[in-house]
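As C-alpha cells, the structure follows; a few thoughts come after it.
The values are calculated or read from the model by the stated rules, or taken from the named source; none is laboratory data. Fair warning: this is a prediction, and the values are worked out from it, not measured in the lab. Every residue, glycine among them, receives a Cβ derived from its backbone with ideal geometry; neighbour counts consider all protein chains shown.
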Amino acid sequence: MGNLLENMQGIPLNHYLIFCSIIFVIGVIGVLIRRNVIIIMMSIELMLNSVNLLLAAFSAYLGDPSGQVFVFFIMALAAAEVAVGLAIIIMVYRNTKSVDIESLNKLRW
Amino acid sequence: MTIFYFVAFLSIFFALMTIFTKNPVHSVLYLVITFFTFTVHYILLNAQFLAVVNFIVYMGAIMVLFLFVLMLLNLNKDTEPMKSHLVKFMGVIAGMCLLVTFLGAFRVLETNNEFVQGHADIGLVKNLGKVLFKDFLLPFELSSILLLTAMVGAVLLAKKETRTNQNG
C-alpha cells in the first residue's frame, strides 16, 4: 500500500479533471451518435462512472470521506436506473420488435 | 505516477471502442474492460471499498444485466441501426465543443498544480461505515426504499400483460 501511495504523489488534480471530462464527453458523444437504446444506456453509465471517479479524486484530495459515500449512493442509484431502464427496453421491444430509438418518435411534435 | 497515465489512456481507448464498435455484444465487453480500468483508478486513489464495490456491482451485476438483455433480445448481429455520417460528424463536433467548454472552465480554477494525495485509511470500510451510518443514515435508508421501488417497478414493467389478451 505504501508503494501505491508513493505512486500517487505526482498527479495534479487538473489531470483528473481533464481525464474525467474526456470520459464524460465520450459518453455524451455515444448518446448522440448511436441509435441502439441499450448502447445509449451504456453511454449514460460511462458518464455516471466518470463523475464517480472525479468525486473519489476530490475526496482523496480534500481528505474528506463524504465524497466516497456519495459515490456509493450514486452506484445504488445507477443499479436502480439500469434495472428500470432495461425493463422499459424489454417492454418497448415486445411492442415494436426493435431497439431503434427512431421507432419511439410517437411523442415528437 | 506513470501508472495513472497508462491506465487513463487504456480507459479512454476502451471507452472510445465502446461507442464506436458496431456489434453491441463487443460494445458491452469493451465497457466491462473500461469499468475494470476504473477499478484500478479507485485502487490508485486509495479508495479500496469503492474499488471492491465497483468491481462487484458494475462489472458483475450491471454488465451481466446488459449482456443478458442483449442476448435475450437476440441483438448479437452486425445489422445494427446506425445513424448517417452527417449526424455522427455533428455529434462528434458537439461533444468536442462540450470538451472545450469544460477545459476552458477548468483553466479559471485555482487548483492548478496541487497534487492529489491519497490518504491511506480514508477509503477503508471502517471509516466509510462510520461516516455512512453517522452522517448519512437517512439517505442510506432512503436509498434502500429507492432500490425496493426500482425492483418492484422493473418486475411490473417487464411482466407480460395478460389482461389485454383476455379482452382482445
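Values computed for the structure shown
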quantity: Single residue of the stretch A:52-70 satisfying the filter (hydrophobic (A, V, I, L, M, F, W, C) and either at pLDDT 95 or above or farther than 19 Å from B:THR34 by Cβ (or both)) that is surrounded by the fewest Cβ atoms within 10 Å (Cβ to Cβ); calculated: A:LEU62
quantity: Pair list, Cβ < 6 Å and 6+ apart or interchain, from the stretch B:82-104 residues that are under 29 Å from A:HIS15 (Cβ atoms) to residues that are of a type in the set (Ser, Thr, Tyr) and at pLDDT 90 or above; calculated: B:PHE102/A:SER21
quantity: Among the candidates B:LEU31, B:LEU70, B:LEU50, residue that is touching a Pro at 6+ places or on another chain (Cβ under 7 Å), touching a residue at least 24 places away in the same chain (Cβ under 8 Å), facing chain A (nearest Cβ under 9 Å) and crowded, with 16+ Cβ neighbours inside 10 Å; calculated: B:LEU70
quantity: Some residue of the stretch A:83-96 being of a type in the set (A, V, I, L, M) and in contact with a strand residue (DSSP E or B) (Cβ under 9 Å, 6 or more places away or on another chain); calculated: no
quantity: Condition met for B:PHE38 (among the hydrophobic types (A, V, I, L, M, F, W, C), in contact with a helix residue (DSSP H, G or I) (Cβ under 6 Å, 6 or more places away or on another chain) and surrounded by fewer than 23 Cβ atoms within 10 Å (Cβ to Cβ)); calculated: no
quantity: A:ASN95 vs. criteria in a helix (DSSP H, G or I), facing another protein chain (nearest Cβ under 7 Å), over 24 Å from B:GLU141 (Cα atoms) and at pLDDT below 90; calculated: no
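Conditions (1) within 9 Å of chain A (Cβ to nearest Cβ); (2) in a helix (DSSP H, G or I); (3) closer than 14 Å to A:LEU46 by Cα, marked per residue:
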{"residue": "B:ILE3", "(1), (2), (3)": "yes, yes, no"}
{"residue": "B:PHE9", "(1), (2), (3)": "no, yes, no"}
{"residue": "B:ILE12", "(1), (2), (3)": "yes, yes, yes"}
{"residue": "B:PHE66", "(1), (2), (3)": "yes, yes, yes"}
{"residue": "B:VAL100", "(1), (2), (3)": "no, yes, no"}
